[in-house]
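A.B. asks: Next up is a structure, given as structure tokens.
The values are calculated or read from the model by the stated rules, or taken from the named source; none is laboratory data. This is a predicted model, so every value here is computed, not measured. Please note: Cβ atoms are built from the backbone with ideal geometry, for glycine as well, and neighbour counts cover all protein chains shown. To get the accessible areas, we keep the full protein, side chains included, count just its heavy atoms, and leave off ligands, DNA and RNA. Shrake-Rupley method; radii C 1.70, N 1.55, O 1.52, S 1.80 Å.
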Amino acid sequence: MTDEVRHYLNCRPGGVYVDGTLGGAGHARTILEASAPDGILIGLDQDADAVANARIVLAPYAGRVRWVHENFSRLAEVLSQLGFSGVDGILLDLGLSLHHLEASGRGFSFLREEPLDMRMDTRSTQTAADLVARLRENDLKTILRDYGEERFAGRIARALVAARRRQPIRTSAELARIVCAALPKRGRDRIHPATRSFMALRIAVNRELERLAEFMHQLPGLLRPGGRVCILTFHSLEDRIVKHGLKALEAHSDGGAGFPAPAPAFEAVMKILTRKVVRPRPEEIAANPMARSTKLRAAERI
């Protein structure tokens, strides 16, 4: 959704912008082009591979880029360290990159035989294999149900516990086989049977929802007046946090999703720009089927 991101961020020359999820650096390039000739980009990613790739892809713009290997939930600290009191725009693209699925070798894909890792930041010590090996059956069920919205969470958790008694579950292919065998043949969705389980474990390993909520709480203090935020989400759990978080910053009400009710003297600090969630155009979905579940929400600092 490059055109939509360009529109809602409203980049201009001389501005300071953040791409909090560099990934393949496509959005970062768009921001740099739109803010030429002197706009600054602060590029973050928790995956060192993404930062290294972005340095290569964005080499022509290197003088205007600040590179940071960090999760976007720590953006306030990053800006302070770089000497910025606020920025003019922030982009988060929360989707899993093709690199993670096809080239990282960390077990994000149920179609590959790779170590069951799923860490986006390899400085973290907890892997998906660790969770599968040590969590109690009920805790595994909770993760699969709450993070993956998996209706057969109980059956899968029982199967994982039974399988690990025989031998450790070490690879993504082993995990996928166990999950598929645990599900009934009838009533399966059209997606791969292991899709939700892999998503749930990835979210748990990387603390994705907690970190997104932390970012939403910080958001007003990160933006200069008139600054904008644009967030691309790919499943309902992420979108719910963003939706309710923005509403809590705009309205005199409890934002839900872990956002406390504002104090009586609370004044709106954000203006929502996307009253209806923005979806990818049909031609983009046709060209890139992975985009079909994308939702874009944007807001402006008052």
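A.B. asks: Counting only residues that are within 30 Å of Gly15 (Cα to Cα) and aliphatic (A, V, I, L, M), give me the helices (runs of 4 or more DSSP H) lying completely in the range 177-250 with at least 3 of them. First the steps, then the outcome.
C.D. replies: Values: elements: 195-206, 208-222, 236-250.
Per the criteria, 208-222, 236-250.
Conditions (1) closer than 19 Å to Arg74 by Cα; (2) among the β-branched types (Val, Ile, Thr), marked per residue:
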| position | (1), (2) |
| --- | --- |
| Ala204 | yes, no |
| Ala213 | yes, no |
| Pro220 | yes, no |
| Val229 | yes, yes |
| Leu232 | yes, no |
| Ser236 | no, no |
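A.B. asks: May I ask you to list pairs of residues, at least six apart or on different chains, whose Cβ atoms are under 9 Å apart, with the first in the range 51-67 being touching a residue at least 24 places away in the same chain (Cβ under 8 Å) and assigned to a helix (DSSP H, G or I) and the second being of a type in the set (Val, Ile, Thr) and surrounded by 14 or more Cβ atoms within 10 Å (Cβ to Cβ)?
C.D. replies: Here the result reads Val51/Val68; Ala54/Val65; Arg64/Ile40, each pair linking the range 51-67 to a residue that is of a type in the set (Val, Ile, Thr) and surrounded by 14 or more Cβ atoms within 10 Å (Cβ to Cβ).
A.B. asks: Ok, one more. List pairs: first residue in the range 138-163 and over 23 Å from Arg190 (Cβ atoms) and open to solvent by 50 Å² or more (accessible area, probe 1.4 Å), second residue aliphatic (A, V, I, L, M) and in a helix (DSSP H, G or I) anywhere in the structure, Cβ distance under 8 angstrom, at least six positions apart or on different chains.
C.D. replies: Asn138/Ala157; Lys141/Ala153; Lys141/Ile156; Lys141/Ala157; Arg158/Ala182
A.B. asks: A follow-up question, please. Return the only residue of Leu75, Leu96, Leu101 being touching a residue at least 40 places away in the same chain (Cβ under 8 Å) and outside any loop (DSSP other than H, G, I, E, B). Break it down into steps so the answer makes sense when it comes.
C.D. replies: Values: Leu96 fails: outside any loop (DSSP other than H, G, I, E, B); Leu101 fails: touching a residue at least 40 places away in the same chain (Cβ under 8 Å).
Unique residue meeting the criteria: Leu75.
A.B. asks: Another one. I need the full set of residues from the range 34-49 which are assigned to a loop (DSSP other than H, G, I, E, B), open to solvent by 10 Å² or more (accessible area, probe 1.4 Å) and among the small types (Gly, Ala, Ser), in order please.
C.D. replies: First, pick out the residues of the range 34-49 that are assigned to a loop (DSSP other than H, G, I, E, B): 35-39, 46-47.
Imposing the further condition that a residue be open to solvent by 10 Å² or more (accessible area, probe 1.4 Å) reduces the set to 36-38, 46.
Answer for the range 34-49, where residues must be assigned to a loop (DSSP other than H, G, I, E, B), open to solvent by 10 Å² or more (accessible area, probe 1.4 Å) and among the small types (Gly, Ala, Ser): just Ala36.
A.B. asks: Being under 18 Å from the mean Cα position of the chain (by Cα) and surrounded by fewer than 21 Cβ atoms within 10 Å (Cβ to Cβ) is the filter; apply it to the range 24-33 and report the residue that is nearest to Leu91 (Cα to Cα). Steps first, please.
C.D. replies: Start the filter on the range 24-33 by keeping residues that are under 18 Å from the mean Cα position of the chain (by Cα), which leaves 24-28.
Those left that are additionally surrounded by fewer than 21 Cβ atoms within 10 Å (Cβ to Cβ): 24, 26.
Details: Gly24: 14, Gly26: 12 Å.
Among those that are under 18 Å from the mean Cα position of the chain (by Cα) and surrounded by fewer than 21 Cβ atoms within 10 Å (Cβ to Cβ), it is Gly26.
A.B. asks: Mind listing just one residue for me: the one in the range 118-134 that is in contact (Cβ under 8 Å) with a residue 12 or more places away in the chain and outside any loop (DSSP other than H, G, I, E, B) and, of those, farthest from Gln46 (Cα to Cα)?
C.D. replies: Ala133
A.B. asks: Going by the conditions given, is Glu70 under 30 Å from Arg301 (Cα atoms) and surrounded by fewer than 20 Cβ atoms within 10 Å (Cβ to Cβ)? Show your work before the answer.
C.D. replies: Working: under 30 Å from Arg301 (Cα atoms): yes; surrounded by fewer than 20 Cβ atoms within 10 Å (Cβ to Cβ): yes.
Spelling it out, Glu70 is indeed under 30 Å from Arg301 (Cα atoms) and surrounded by fewer than 20 Cβ atoms within 10 Å (Cβ to Cβ).
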